[in-house]
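Visitor: Here it is, the structure, as structure tokens.
The values are calculated or read from the model by the stated rules, or taken from the named source; none is laboratory data. All values reported here derive from a predicted model rather than from experimental measurement. Positions of Cβ are generated from backbone atoms using ideal geometry, with glycine treated the same way; all protein chains shown enter the neighbour counts. The protein model used for the area step is the full one, side chains on, heavy atoms only, and it has no ligands, DNA or RNA in it. Shrake-Rupley method; radii C 1.70, N 1.55, O 1.52, S 1.80 Å.
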Amino acid sequence: MKRLPGWIKKPIGIALTAFFTVWACLPLFVARAIGTLLGWLAFFGARSRRRVATINLGIAFPNLSSDALRALVKAHMVALMVSMLDRIWLWYGPSWLVRKRLRITGDVQALSEPGAIVLFVPHFIGLDAAGMAVTQQLSRPLTDIYTPQSNPVIDAWIYDRRQRFGKIKMYDRAAGVRDVVKDLKAGGMLALLPDMGFGPEESLFVPFFGVSTTTIPSLSRFARLGKARVIPLLSVMTPTGYDIEFRPAWANFPTNDLYADTLRMNQTLEGYIGEHPSQYLWVHRRYKHRPPGQASVY
């Protein structure tokens, strides 16, 4: 368990906590109006991130006109900033308010069936909403693998807030997978965010929207090691909060073909993104790593 830094208990930390607590009780339309304004400012001011999002969305949706692409990038920047401000009420809002704004849908009953589960949680902007909904509203404990923030103060703060409702064990990615696999073999439920690439050493080159790039093959590996069902979990921003959607478990997964499993993951994710194109994390340089000899898209 990480210890919160001392400044949290000092006047500046107390003042910030009080501010966040008050902000968390703002009417949602007010907080989101502010987030929308910040999103417009980010669209015009954060040029490097806007450029990355424009390139990514241009690859994913090549048939968009320049005006439609620009509008989609702007919608994404707005949704991204709104989701960042939403973390205030997710982390500091009263429990009843958080529950009211997070609506769990889909085949929740499948989670009560015996056996290990790997939740495939793509990088949609409502990731924290999904985590809060699962830990607050469901009885089944959750295991999570996280990458620490470079700033230790921010890291400890985020670590603490994401555990506010308990029922979650968070393992540092750098610590290895032994404890994670142990939890799965005991029938646990793991939240996995594998739709990224950490470089050729840890990933496979697999097409994503038709462009080959590194993708972590951990979904297939953990499902095999833990003899686990894979259930997709999507977080969708709505006017009243978030819909946390449990999609049906994947049949015939994993197989003995790691590449084919990872390709299936990417192709399935492309369909999910098509449902809510502005809500995927497009400001990340998803195509940073390319096969040898292929030029960077950035």
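Visitor: Of the residues 12, 8, which is among the hydrophobic types (A, V, I, L, M, F, W, C), surrounded by fewer than 11 Cβ atoms within 10 Å (Cβ to Cβ), at negative phi and at pLDDT below 95? Please lay out each step first, then the result.
Guide: Values: 8 fails: surrounded by fewer than 11 Cβ atoms within 10 Å (Cβ to Cβ).
Going through 12, 8 in turn, just one is among the hydrophobic types (A, V, I, L, M, F, W, C), surrounded by fewer than 11 Cβ atoms within 10 Å (Cβ to Cβ), at negative phi and at pLDDT below 95: 12.
Visitor: Just name the residue that is farthest from the chain's Cα centre (by Cα) out of those in the stretch 126-138 that are aliphatic (A, V, I, L, M) and open to solvent by 10 Å² or more (accessible area, probe 1.4 Å).
Guide: The initial filter retains those residues of the stretch 126-138 that are aliphatic (A, V, I, L, M), namely 127, 129-130, 132-134, 138.
Subset that is open to solvent by 10 Å² or more (accessible area, probe 1.4 Å): 127, 138.
Numbers: 127: 4, 138: 18 Å.
Checked the stretch 126-138; the qualifying residue farthest from the chain's Cα centre (by Cα) is 138.
Visitor: Something else: Testing residue 62 on (1) crowded, with 22+ Cβ neighbours inside 10 Å; (2) more than 21 Å from the chain's Cα centre (by Cα), one condition comes back false. Which one is that?
Guide: Here residue 62 meets the rest and fails (1).
Visitor: Here's a check for you: in the stretch 203-225, which residue that is under 17 Å from residue 121 (Cβ atoms) and in contact with a strand residue (DSSP E or B) (Cβ under 7 Å, 6 or more places away or on another chain) is surrounded by the fewest Cβ atoms within 10 Å (Cβ to Cβ)?
Guide: Step by step, filter the stretch 203-225, then rank; the result is 217.
Visitor: Next up: Scan the stretch 173-196 residue by residue and report those that are open to solvent by 50 Å² or more (accessible area, probe 1.4 Å) and either of a type in the set (Lys, Arg) or assigned to a strand (DSSP E or B) (or both). Can you show your working first?
Guide: Step one: filter the stretch 173-196 for residues open to solvent by 50 Å² or more (accessible area, probe 1.4 Å), giving 173-175, 177-179, 182, 185-186, 193.
If the condition is that a residue be open to solvent by 50 Å² or more (accessible area, probe 1.4 Å) and either of a type in the set (Lys, Arg) or assigned to a strand (DSSP E or B) (or both), then 173, 178, 182, 185 are the ones that fit.
Visitor: Additional query: Quick check: anything in the stretch 89-100 within 28 Å of residue 163 (Cα to Cα), open to solvent by 60 Å² or more (accessible area, probe 1.4 Å), of a type in the set (D, E, K, R) and modelled with pLDDT of 95 or more?
Guide: Within the stretch 89-100, one or more residues are within 28 Å of residue 163 (Cα to Cα), open to solvent by 60 Å² or more (accessible area, probe 1.4 Å), of a type in the set (D, E, K, R) and modelled with pLDDT of 95 or more.
Visitor: Residues of the stretch 241-261 being over 30 Å from residue 79 (Cα atoms) and open to solvent by 30 Å² or more (accessible area, probe 1.4 Å), which ones?
Guide: Here is the first cut: in the stretch 241-261, the residues over 30 Å from residue 79 (Cα atoms) are 251-261.
Selection gives 251, 252, 254, 255, 256, 257, 258, 259, 260.
Visitor: Looking only at residues that are exposed (fewer than 13 other Cβ atoms within 10 Å of the Cβ) and farther than 14 Å from residue 58 by Cα in the stretch 274-293, which one is farthest from the chain's Cα centre (by Cα)?
Guide: As a first pass, look at the stretch 274-293 and keep what is exposed (fewer than 13 other Cβ atoms within 10 Å of the Cβ): 274-275, 291-293.
So of that shortlist, the ones also farther than 14 Å from residue 58 by Cα come out as 275, 291-293.
Values: 275: 16, 291: 26, 292: 29, 293: 31 Å.
Among those that are exposed (fewer than 13 other Cβ atoms within 10 Å of the Cβ) and farther than 14 Å from residue 58 by Cα, it is 293.
Visitor: Since residue 43 meets every condition but one in (1) surrounded by 16 or more Cβ atoms within 10 Å (Cβ to Cβ); (2) hydrophobic (A, V, I, L, M, F, W, C); (3) modelled with pLDDT under 90, which condition does it not meet?
Guide: (3)
Visitor: Quick one: count up the residues across the stretch 60-81 that are farther than 30 Å from residue 158 by Cβ and touching a residue at least 40 places away in the same chain (Cβ under 8 Å). Steps first, answer last, please.
Guide: First pass over the stretch 60-81, keeping only residues farther than 30 Å from residue 158 by Cβ: 61-71.
Remaining after also requiring touching a residue at least 40 places away in the same chain (Cβ under 8 Å): 61.
Looking only at that region, the number is 1.
Visitor: Further question: Select from the stretch 170-208 the residues that are under 17 Å from the mean Cα position of the chain (by Cα) and of a type in the set (Gly, Ala, Ser) and write down the one among them that is nearest to residue 234 (Cα to Cα).
Guide: The residue in question is 191.
Visitor: Of everything in the stretch 78-103 that's small (Gly, Ala, Ser) and more than 19 Å from the chain's Cα centre (by Cα), which residue is farthest from residue 282 (Cα to Cα)?
Guide: So the first thing to find is which residues in the stretch 78-103 are small (Gly, Ala, Ser), and the list is 79, 83, 93, 95.
Next, from what is left, pick out any that are more than 19 Å from the chain's Cα centre (by Cα): 93, 95.
Numbers: 93: 28, 95: 31 Å.
Of everything passing the filter in the stretch 78-103, 95 is farthest from residue 282 (Cα to Cα).
Visitor: A follow-up question, please. Being open to solvent by 20 Å² or more (accessible area, probe 1.4 Å) and closer than 30 Å to residue 225 by Cβ is the requirement here; does residue 107 meet it? Spell out the reasoning first.
Guide: Details: open to solvent by 20 Å² or more (accessible area, probe 1.4 Å): yes; closer than 30 Å to residue 225 by Cβ: yes.
Criteria met by residue 107.
Visitor: Related question: Can you find even one residue in the stretch 82-93 that is closer than 24 Å to residue 154 by Cβ and outside any helix (DSSP H, G or I)? Quick ask: steps written out before the conclusion?
Guide: Of all residues in the stretch 82-93, those closer than 24 Å to residue 154 by Cβ come to 82-93.
If we keep only those that are outside any helix (DSSP H, G or I) as well, we get 93.
Looking through the stretch 82-93, at least one residue is closer than 24 Å to residue 154 by Cβ and outside any helix (DSSP H, G or I).
Visitor: Among the listed residues 216, 231, identify the single one that is under 20 Å from the mean Cα position of the chain (by Cα) and under 26 Å from residue 107 (Cα atoms).
Guide: Numbers: 216 fails: under 26 Å from residue 107 (Cα atoms).
After ruling out the rest, the residue left standing is 231.
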